[in-house]
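These notes are about the structure you will find just below.
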Amino acid sequence: MANKRNTPYTIKVEKMADLAQLMENEVLMAFASYTTIVLSKMMFMSTATAFYRLTRKVFANPEDCASFGKGENAKKYLRVDDRVERVRRAHLNDLENIVPFLGIGLLYSLSGPDLSTAVLHFRLFVGARIYHTISYLLPLPQPNRALAFFVGYGVTLSMAYRLLKTRLYL
Amino acid sequence: MANKRNTPYTIKVEKMADLAQLMENEVLMAFASYTTIVLSKMMFMSTATAFYRLTRKVFANPEDCASFGKGENAKKYLRVDDRVERVRRAHLNDLENIVPFLGIGLLYSLSGPDLSTAVLHFRLFVGARIYHTISYLLPLPQPNRALAFFVGYGVTLSMAYRLLKTRLYL
Amino acid sequence: MANKRNTPYTIKVEKMADLAQLMENEVLMAFASYTTIVLSKMMFMSTATAFYRLTRKVFANPEDCASFGKGENAKKYLRVDDRVERVRRAHLNDLENIVPFLGIGLLYSLSGPDLSTAVLHFRLFVGARIYHTISYLLPLPQPNRALAFFVGYGVTLSMAYRLLKTRLYL
């Protein structure tokens, strides 16, 4: 009788444990933390663009500068500014590099890598992208930005290589 | 004997239940639905760009306007148009905001949030992004678009905050 | 007594099996492989841009061309080049299409689709995006690029439709 009760009981425990369990996986928790940090950093670029657009009065849309003047007077704010374009390039570079990290990193995290190796990958990537942003916005002389770019790029390729080596299924 | 059969039987049940179970998680199902809607909306921007390029005969590549004329005659269609650039800016803004929502939202959904809180986040985000697109394309006067942007931005930051608060693992 | 040991033992087996199990799901393994390939292809676009920028001496930032000359002499390399812009447009189009594939494809893979149907979707998408890049960079005459675009677009919409049909939860 104890045995009969055992089966449904076990299943119930498992069902509840399941999702929590997925996030108790340490690699996935680390991935979640580093991803959240690097995506928040990327979101900061929107704020930086808005900041420079407002302080330098440089806009892309007529409705954005309507409060600075009417008609022809407002049109002079529809212009391109080096500083704003620099932030926008940094933002686009983030997108181009963080999207592959997101996709490949998530699947890599689910493929059961060694915890310390995985965390090393995540740390290097996040550090490299933060340094990339600093190099781009200050700006620092080259090859600071180029190096930051290639470290992040190499980390993502290294995870992609490990994924394809261990889990190739075409 | 009943007991000996019990162990493998239980495992088999669990294994089959497992993936289905993941998608039976209500938060993840809600995330899947709202994400699919907001990504489909983003994909619509490509169609809108193509529509304006074709109806206004504004192209970025020589091969795209080859059917409108030969040689020098075709080159006049290689131009920049306000309407097309507006759609492209709206599209890029979608990318910049939906990518963080995708990454942070997925990990947030796996971290076991309260269902009604999670659904509120998803609804606000999707509503804000749809309103952002409408404000950008009509366009509506500011601060319509700015407000839509900040609602979506705030929702993503709120999920990021909850993730880092409960699951920080560096 | 055997029964008392049974419960914790079963749970332990499940816990270990869990994550490995997720990646033993064949649809998810296939999604991981195809995603890694298409994201690596997208990352290649960064290298292509860097290659054309260096060989054609076309730069967007003053610090990037500092090694080619001082002051005014370096400024002449801050220019726009057709070839570089073409690669950048192809890269942005990749981003705009691979991001929805990533999000919708992952959730579709978790929703328990038929393996052969899922693999057909992934193959078509990856093939279409590779052909899109070739059509854009050579370039091939239209409608090569347009067709490649619409095949990838249709695949993503087909997965979105299946997700919303079977799992709508708003």
_Using alpha-carbon coordinates, inclination of helix B:2-24 to the longest axis of chain B, degrees_ = 20 degrees
*7 Å along Cα→Cβ, label-point gaps from B:Glu26 to other copies, nm, shortest first*: 3.4, 3.4
*asked:* Just to confirm the numbers: A:Val151, label point 7 angstrom along the Cα-Cβ line, distances to the other copies in nm, shortest first?
replied: 4.0, 4.0
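Can you tell me the length gained on complete extension of the stretch A:Ala60 to A:Gln142, counting 0.36 nm per residue apart and subtracting the Cα distance?
That pair, A:Ala60 and A:Gln142, stretches by 26.6 nm at full extension.
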_Residue (of A:His91, A:Leu137, A:Gly112) at the positive-pole extreme of region A:61-145, dipole from beta-carbon charges_ = A:Leu137
_Calculated diffusion of chain B, Stokes-Einstein form, Kirkwood radius summed over Cα pairs, 20 °C and 1.002 mPa s, µm²/s_ = 111 µm²/s
*Over 19 Å between C-alpha atoms is what I'm after, so list which of A:Lys75/C:Lys75; A:Lys165/C:Lys41; B:Lys57/C:Lys41 land there.*
A:Lys75/C:Lys75; B:Lys57/C:Lys41
*Long-range HN-HN contacts of A:Arg79 with modeled amide H, under 5 Å*: A:Phe59
_If packing is taken as the average count of other Cβ atoms within 10 Å, what order do B:55-68, A:145-158 fall into, highest mean first?_
A:145-158, B:55-68
_Running a GNM on chain B with Cα contacts under 10 Å, which residue among B:Leu138, B:Leu106, B:Leu124 ends up with the highest mean-square fluctuation?_
B:Leu138
*Tell me the distances, shortest first, between C:Arg83 and the same position across the other copies, using label points 7 Å along Cα→Cβ, in nm to one decimal.*
3.5, 3.5
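Bear in mind these aren't lab numbers, they're just calculated from the coordinates by the rules spelled out. Computed from a predicted model, the values in this text were never measured in an experiment. As a convention, Cβ positions derive from the backbone with ideal geometry for all residues, glycine included, and neighbour counts pool all protein chains shown.
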